[in-house]
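Asks: Before I ask anything, let me first share the structure, which is written out below as structure tokens.
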Amino acid sequence: MELPDWVPATMDVSKPSPARMYDYYLGGTHNFEVDRDAAERAIAAMPYTIQGARGNRDFLRRAVRLLVDSGIRQLLDLGSGIPTVGNVHEVAQRRDPTARVVYVDIDPVAVAHSSAILRHNHLATVVQADMRDVDAVLSHPQVRGLIDFSEPVGLIMASVLHFVPDSSRPAEIVAAYRDAVPAGSHLALSHIGAKEEPDNRTGMLADFKAVYQNTTNPVVLRTRPQIESFFAGFDLLEPGVVLVHQWRPDADQEVPAKLPPGYGGVGMKG
Ligand SMILES: C[S@@+](CC[C@H](N)C(=O)[O-])C[C@H]1O[C@@H](n2cnc3c(N)ncnc32)[C@H](O)[C@@H]1O
């Protein structure tokens, strides 16, 4: 297979990557047949997968606006994904051109493409790292170069913790980031939900999860209370952890009749 020039030489393109599948859901072009096939199977399993991805992305943009409007001037976006329209740095820097953003992702395509679009932006950068390795992320020179940990930080974990299995102790990972930032810092987090819904979403979600089993990052489904528990040590802002489409929707926002099971919330460290 001939690969486009944005593909890093070391990349494994034999397995679908959740980052590239998500890019496909959002209408992006940084994906391969193997990703599109898996993404189509995920969409067949859960028909509102695309609405879920778009709803998550819209939640992220609204959350970033809130963070910047609350006085946060530095954002650490963990599991930032392949850049698409309305990236975190664009939303933040449109609100305040001095806002600083560090993207962190484990996926080489996400990092290569982010790096290309950030070439001329000296207030935003990208680091290739596993967000579970908190010490490596927090001590990384590019992170230290843009984030001042004596000032409030906006931590973003949008649609990433469902790729972190319980065996990696996700609650401890979130707590380690929380402990590294001062009072006034915020956490914006979203996550695919499970089991609480009254209809057959458990079945659909089980099929959706099965598609991800064969990707580079299997998915872990968690219930809304489990997702809420990641905010330990943060005061949840209104309306708490809710379906992403219902989190402070914009007046002109389209809300699908059937809401995908993705939850999100924003909390502040007191
Ligand atoms: C569904 S995308 C979400 C992208 C973006 N945060 C958003 O909400 O639009 C999940 C991203 O998390 C990344 N990811 C998964 N596990 C990770 C880990 N352990 N460390 C860093 N990034 C990770 C994937 O590569 C992918 O780009």
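The values are calculated or read from the model by the stated rules, or taken from the named source; none is laboratory data. Small disclaimer: the values here were computed from a predicted structure and weren't measured. With ideal geometry, Cβ positions are generated from the backbone for all residues, glycine too; neighbour counts draw on all protein chains shown. The area values use the complete protein model at the heavy-atom level, side chains included, leaving out ligands, DNA and RNA. Shrake-Rupley method; radii C 1.70, N 1.55, O 1.52, S 1.80 Å.
Asks: Through the Karplus equation 6.51 cos²θ - 1.76 cosθ + 1.60, θ set to phi - 60°, convert the phi angles of the stretch 215-223 into ³J(HN,Hα) values in whole Hz; use x for Gly and Pro.
Replies: Once rounded to whole Hz, the list reads 9, 5, 9, x, 9, 10, 8, 9, 7.
Asks: As a test of understanding, state the convex hull volume per residue of the chain from its alpha carbons, in Å³.
Replies: Details: hull volume 33.3 nm³, N = 270.
Convex hull volume per residue, Cα atoms: 123 Å³.
Asks: Rounded to the nearest 0.05, what FRET efficiency do A175 and E33 have when you use their Cβ-Cβ distance and R0 = 45 Å? Provide the component values of the computation, followed by the final result.
Replies: On the way: r = 40 Å, r/R0 = 0.89.
E(calc), rounded to 0.05, equals 0.65.
Asks: For R144, project a label point 7 Å along Cα to C-beta. Then give me every residue of the stretch 112-137 with its amide nitrogen under 12 Å of that point.
Replies: Only 136-137 fall inside the zone, counting backbone N under 12 Å.
Asks: A further question follows. Can you tell me the order of 211-224, 256-269 when each peptide is scored by its average per-residue count of other Cβ atoms within 10 angstrom, highest first?
Replies: On the way: 211-224: 18.0, 256-269: 20.2.
Ranking the peptides 211-224, 256-269 by packing returns 256-269, 211-224.
Asks: Where the only charges are on Cβ atoms (+1 Lys, Arg; -1 Asp, Glu), what is the dipole of the stretch 149-270 about its Cα centre, to the nearest 20 debye?
Replies: Numbers: 10 positive and 14 negative charges, 62 e Å.
That gives a dipole near 300 debye.
Asks: Select from the stretch 40-121 those trypsin sites (Lys or Arg not before Pro) which occupy a DSSP coil region and have at most 14 other Cβ atoms within 10 Å, ordered by residue number.
Replies: On the way: sites: R41, R54, R57, R61, R62, R65, R73, R94, R95, R100, R119; in loops: R73, R119.
Counting only loop positions with at most 14 other Cβ atoms within 10 Å, the trypsin sites (Lys or Arg not before Pro) in the stretch 40-121 are R119.
Asks: Could you check the spin-label model distance between S115 and K258? Points 7 Å from the Cα along Cα→Cβ, value in nm.
Replies: The answer from the label model is 4.2 nm.
Asks: Using amide H atoms built 1.01 Å from N in the peptide plane, name the residues 5+ places from R100, or on other chains, whose amide H lies under 5 Å from its own.
Replies: Here Q74, L75 satisfy the definition.
Asks: Which stretch or stretches of the stretch 215-257 have amide N atoms under 19 Å from the point lying 7 Å from V13's Cα along the Cα→Cβ direction?
Replies: 215-217, by backbone N distance to the label point.
Asks: Separate question: Using a 1.4 angstrom probe on the protein heavy atoms only, line up F230, F163 by accessible area, largest first.
Replies: Numbers: F230 15, F163 45 Å².
The ordering from most to least exposed comes out as F163, F230.
Asks: So what's the back-of-envelope 222 nm ellipticity for the chain, counting only DSSP H runs of four-plus at -39500 (n - 2.57) apiece and dividing by all residues, rounded to 500? If you can, show how the numbers build up before the last one.
Replies: Numbers: 10 runs with 102 residues, N = 270.
It comes out at -11000 deg cm²/dmol, rounded to the nearest 500.
Asks: What dipole magnitude, in Debye to the nearest 20, does the stretch 18-268 give about its Cα centre under +1 on Lys/Arg Cβ and -1 on Asp/Glu Cβ? Can you show the working numbers first?
Replies: On the way: 24 positive and 30 negative charges, 41 e Å.
It comes to approximately 200 debye.
Asks: In nanometres, what is the gap between the two model label sites at R94 and D235, each 7 Å from Cα along Cα-to-Cβ?
Replies: 3.0 nm
Asks: Could you pull out every residue, at least 5 positions away or on a different chain, whose amide H is within less than 5 Å of the one on V126? Hs are placed 1.01 Å off N in the peptide plane, and Pro or chain starts have none.
Replies: Excluding prolines and chain starts, which carry no amide H, the hits are Y103.
Asks: Considering only S159, A45, G28, whose Cα is most displaced toward the positive end of the charge dipole of the chain, charges sitting on Cβ of Lys, Arg (+1) and Asp, Glu (-1)?
Replies: S159
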